[in-house]
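Some notes on the structure that comes next.
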Amino acid sequence: MRYRLLAGVMALAAPPGPAFAAGPAHFVHDALGGTLARDHQSRAMYFQGKHRRTYVTYMDHDFGARITYYDHDVKRWAEIVRVDDCIAETGWCKGLKDGHNVPNLWVSRSGTIHLIYGSHGTPFKYARSERPEDISRWKLGKRISNYATYPFFAQLPDGEMLMFYRYGPTGGYKNPFLAFQRTADEGRTWSGAKKIGAFRKACKLNGRNAVYDVTTGRIHLNVALIPKGSWVWFPCQYDPVADRLYAWDGKTYLGPMPGDDAVVKHCRVDGLSLREIFVHDGALFMLLKRGGAHSFARWDGKTLCRYDIPDASTKGFKNGPMWTTDGKRIRIYGIRNTDPPTPFNGGDLYVWTSTDGGQHWDDGRCLVDRRKLGHGLHGVNLVTSYSGSGPFLILAEATGAHPKGFKVTPANHYDNPRRRNKKLYALDEQGRFITSR
């Protein structure tokens, strides 16, 4: 019960904030570039049990699954623990150094820590902490599913956990399914795969995903498809009681096994592509995009309110995430490249703010200037359920271009010196670096 109440009171009883550094300070130095990809489960999660901690997982440059945490009471990062290797053991990508194999983190209400990793269209590797809130000892060896990629977790009020993912062989680019599996005993046993969507070419989940809304009892999903040659995102709702997939309005039933046509027809919002979702007090917040233009939308179950965000202020903006505690003051975080754009070298961290529920937006504020940092940033992850005075952001040093003459193959794509030893940073809403001091 304590955990369920947390989301409702976190804005009212914010605990003391973390320690900050005067200047740039990383908490991880050996991440593999690309391990904070936006189309995977968030790498960080806050949990308050016996301790108040933010757990962070990543893949090191030797393809090891690693985990640490920041303790908000003692204001210190824990020693980093290597849990297992992330390389797939079977299937078409057996033995390949594949960025899709990065670890995905979930902390269930008991404080048990769950890691899913080592899969791109192959069985997931699964590790569960032997004791709640303890990263030092793990139960290894479990394999889940057959053809799995991009896992996202949700937990129901009765404690049951659902893991949504793309189900499809050879990475899932030919007739894949949207599927999930259940566990009612903290991951000791899992149900078989339940397929809830069938698609022609490709599908995946993306961004802030599998968000359970205690107000409606629905799980919000950000489903990505390729209807005409490029990825497009669509908001959907899954009802775990009725076992049905709905459009973003929660009313339009998509059918017993919806496909591309049903999702494209019913799940666009004013004809725009979805970029990010956030759920607050039963309302669905959406960041939308068509070309270079951005819009903010709020759906409260009855009325859709959509407001354009000035193009000039978001030029070059890379999407999401969003954050709010009251539904009025809303922030959107992202990376904006400097001029001229340098995509391989990342950019500056920006925040855009609305104080009236999304009707008007400021011109954006730079939180981290890459010139002062010495390199660009990439891959913003908002810590799930952070209950401090503001968002806890995890960012990675940008991945560089391939070295001159480097020939990319499936076997060496991530075995690249420019991807190794990337730094990870933790920042608060003011852009202050969180350290162990």
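Filter the stretch 161-186 down to the residues that are in contact with a Pro (Cβ under 8 Å, 6 or more places away or on another chain) and either without any contact (Cβ under 8 Å) to a residue 60 or more places away in the chain or buried (at least 23 other Cβ atoms within 10 Å of the Cβ) (or both) and list them by number.
Result: Met163, Phe164, Tyr165, Arg166, Tyr167, Gly168.
Looking only at residues in the stretch 70-103 that are touching a residue at least 60 places away in the same chain (Cβ under 8 Å) and of a type in the set (A, V, I, L, M), which one is farthest from Arg420 (Cα to Cα)?
The qualifying residue farthest from Arg420 (Cα to Cα) is Leu96.
Quick check: is even one residue across the stretch 392-403 of a type in the set (A, V, I, L, M, F, W, C), at pLDDT below 90, surrounded by fewer than 20 Cβ atoms within 10 Å (Cβ to Cβ) and touching a Phe, Trp or Tyr at 6+ places or on another chain (Cβ under 6 Å)?
Yes, the conditions are met somewhere in the stretch 392-403.
Only residues that are in a loop (DSSP other than H, G, I, E, B) and either modelled with pLDDT under 95 or more than 23 Å from Phe285 (Cβ to Cβ) (or both): list them for the stretch 252-267, please.
Gly255, Pro256, Met257, Pro258, Gly259
Considering only residues of the stretch 187-235 that are surrounded by 15 or more Cβ atoms within 10 Å (Cβ to Cβ), modelled with pLDDT under 90 and farther than 27 Å from Ser385 by Cα, which is farthest from the chain's Cα centre (by Cα)?
Looking at the filtered set, the residue picked out is Pro227.
From the list Ala44, Ala31, which residue is surrounded by 22 or more Cβ atoms within 10 Å (Cβ to Cβ), touching a Leu at 6+ places or on another chain (Cβ under 6 Å) and under 23 Å from Gly431 (Cβ atoms)?
The unique qualifying residue is Ala31.
Go through the stretch 295-325 and count every residue that is in a loop (DSSP other than H, G, I, E, B) and either over 17 Å from Gln237 (Cα atoms) or hydroxyl-bearing (Ser, Thr, Tyr) (or both).
9
I'd like the full set of residues that are more than 30 Å from Val279 (Cβ to Cβ), at pLDDT 80 or above, among the charged types (D, E, K, R) and assigned to a loop (DSSP other than H, G, I, E, B), limited to the stretch 404-437.
Result: Lys404, Lys407, Arg420.
Out of the residues in the stretch 59-76 that are surrounded by fewer than 21 Cβ atoms within 10 Å (Cβ to Cβ) and farther than 24 Å from His413 by Cα, which is nearest to the chain's Cα centre (by Cα)?
Thr68
The values are calculated or read from the model by the stated rules, or taken from the named source; none is laboratory data. Values in this document were obtained by computation on a predicted structure and should not be read as measured data. When we count neighbours, we look across all protein chains shown, and the Cβ atoms used for this are built from the backbone with ideal geometry, even at glycine.
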